[in-house]
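The structure under discussion appears below in the form of structure tokens.
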Amino acid sequence: MKSPILADFMWEIAAIENEAMGAIQALRGTRDILPAEVGYWQKVEAVVREILGKASYREIRTPIFELTSLFERGIGEATDVVGKEMYSFQSRGKKPYSMTLRPEGTAGVVRAYIEQKLHTAGGVQRLWYTGPMFRYERPQAGRQRQFHQVGVEVLGTADPRADVEAIAIATDILQTLGLKNLQLDLNSVGNSEDRQRYREALIAYLTPYQGELDPDSQDRLTRNPLRILDSKDKRTGEIVQDAPKLGDYLCDDSKRHFERVQNLLTQLGIPYQLNHRLVRGLDYYSHTAFEIISDDLGAQATVCGGGRYDNLVSQLGGPETPAVGWAIGLERLIILLQELDTLPQSPLDFYVVSRGEQAEENALVLAQKLRHAGFSAEVDLSGSAFGKQFKRGDRSGAAACLILGDEEAQNQTVQLKWLATGEQKAMTQADLLAKPDELRQQLQTPNP
Ligand code: ATP
Ligand code: MG
């Protein structure tokens, strides 16, 4: 495994060489989503929109950059995200301040909730967002520096039903998309007093092993010891096996919350697995923490991560507001979707070929009229011979070709050729457009 610093250095050398030759390449850790792939994204977006809409979640769009201090205070200085992964820079202007490309969505949504006084509406706010996030990480499959998330935040209720509603919606989205081999891991990280007591017990247990822990975990021992629980290091993992369990440090209220969450999941028929090492990366979580993991993703296995965060709103200066949310990593989701290979082709009704100035102009007008009548139509703009245009028409996947030559343009007629059968007939353009419903029916039958 190359170190990220070495990999970055090599990338920079290659980029400089390329630039010297006049080529500019995309930045490391970013990707172009090309038309061949974008259908998967649109499918995900459509499913997300539909499922969240049905559950009364409303979309919110917040800025992509925010004050750095929002993330420092919101996510926590001891986390990887704030400590090592943020893209921060000085603003412009006379009094520059530090700003950051958002590494996640929750902090911005909560900032907006407080600033725009969404809490004064009373009751529960169910919000969702989607968009790019930015983290300085080692790029690999399912891990980028610009990546995308869709997420929900349910603000204003401590009820365990909200935790379960949110989990059920995440499960629904993934299932509707046809994903299999998913596992829901569940834990409770209690309230802050529970965690404080547990933290002390964990430090006491781990301190004698300090020298044997991996360097990251040694670093975390005093700053953020809970994170040691989900270390990927083998020896650290062995040591942690016998560590005290967070579940044994929950107070009665926390236990009751967690039991209700489990009970409701069972009632909704959502299988889960308890994972007492699941603590999640960000500081703001309390009570329920969960991840949805796929067997088909290799090292970057977590598709969805979330949990309850009862202290974040007040920590950012808002009123006491319990909340719960999750975020799905869209790149990882799309990797799984592509493995299923279920992308429907968007069908084309007409491929319009034409030759000669008058016919070419007429083709443009006819295609526009067809679109206004609800059909899809693509005009061949190549100006090449009919033979070549026909070939492209065959490859286009259209149901039919419309052919316009000098004669058709003169008489306002058109040749209609069904590509499935090769059957061809002449008609007036007016007739073609006269009965759109009939035409639509013909397009839908395989052998019109
Ligand atoms: P990981 O342990 O994989 O670094 P995380 O705990 O940092 O994940 P969260 O902050 O919980 O991730 O973000 C929620 C989801 O966003 C993750 O489960 C993952 O699917 C996705 N995600 C996070 N970071 C990246 C990234 N750098 N590239 C692509 N997807 C990401
Ligand atoms: Mg991470």
| What helices (runs of 4 or more DSSP H), lying completely within the range 211-317, carry at least 2 residues that are within 16 Å of ligand 2 (Cβ to nearest atom)? | 215-223
| note | In the range 318-334, residues that are away from ligand 2 (no atom under 15 Å from the Cβ), small (Gly, Ala, Ser) and within 24 Å of VAL261 (Cα to Cα) total 2
| Looking only at the range 142-184, and only at residues there that are within 16 Å of ligand 2 (Cβ to nearest atom) and of a type outside the set (Lys, Arg), the one that is modelled with the lowest pLDDT | GLY142
| field | In the range 108-150, the residues that are of a type in the set (Gly, Ala, Ser) and either away from ligand 1 (no atom under 16 Å from the Cβ) or surrounded by fewer than 19 Cβ atoms within 10 Å (Cβ to Cβ) (or both) | value | ALA112, ALA121, GLY122, GLY123, GLY131, ALA141
| query | How do the pairs read when you match residues in the range 121-145 that are under 16 Å from ALA323 (Cα atoms) and assigned by the TED database to the domain that holds ALA166 with residues anywhere that are more than 10 Å from ligand 1 (Cβ to nearest atom) and polar (S, T, N, Q), using Cβ under 6 Å and keeping only pairs 6 or more apart or on different chains? | reply | VAL124/THR157; ARG126/SER56
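Quick grid of which residues meet (1) of a type outside the set (D, E, K, R); (2) in contact (Cβ under 8 Å) with a residue 24 or more places away in the chain:
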residue	(1), (2)
LEU340	yes, yes
LEU343	yes, yes
VAL379	yes, yes
GLU407	no, no
THR421	yes, yes
MET427	yes, no
ALA430	yes, no
| remark: Checked against (1) in a helix (DSSP H, G or I); (2) touching a Phe, Trp or Tyr at 6+ places or on another chain (Cβ under 6 Å); (3) away from ligand 1 (no atom under 16 Å from the Cβ), ASP349 satisfies every condition except (1)
| query | If a residue has to be more than 12 Å from ligand 1 (Cβ to nearest atom) and touching an Asp or Glu at 6+ places or on another chain (Cβ under 9 Å) to count, how many in the range 174-186 make the cut? | reply | 8
| query | Considering the range 387-403 alone, what residues qualify as being of a type outside the set (D, E, K, R) and either under 12 Å from VAL352 (Cβ atoms) or free of Cβ contacts under 8 Å to residues at least 24 places away in the same chain (or both)? | reply | GLY387, GLN389, PHE390, GLY393, SER396, ALA398, ALA400, CYS401, LEU402, ILE403
| Out of all the residues in the range 426-448, which are of a type outside the set (Val, Ile, Thr), touching a strand residue (DSSP E or B) at 6+ places or on another chain (Cβ under 6 Å) and over 16 Å from ASP349 (Cβ atoms)? | ALA426
| request: Name the one entry in LEU337, LEU343 that is modelled with pLDDT under 95, away from ligand 2 (no atom under 16 Å from the Cβ) and closer than 20 Å to ILE169 by Cα. | output: LEU337
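Is it true that GLY105 is within 29 Å of GLN338 (Cβ to Cβ), buried (at least 16 other Cβ atoms within 10 Å of the Cβ), within 16 Å of ligand 2 (Cβ to nearest atom) and assigned by the TED database to the domain that holds ARG126?
yes
The values are calculated or read from the model by the stated rules, or taken from the named source; none is laboratory data. None of these values were measured; they are calculated from a predicted model. Neighbour counts are summed over all protein chains in view; Cβ atoms, including those assigned to glycine, are modelled from backbone coordinates with ideal geometry.
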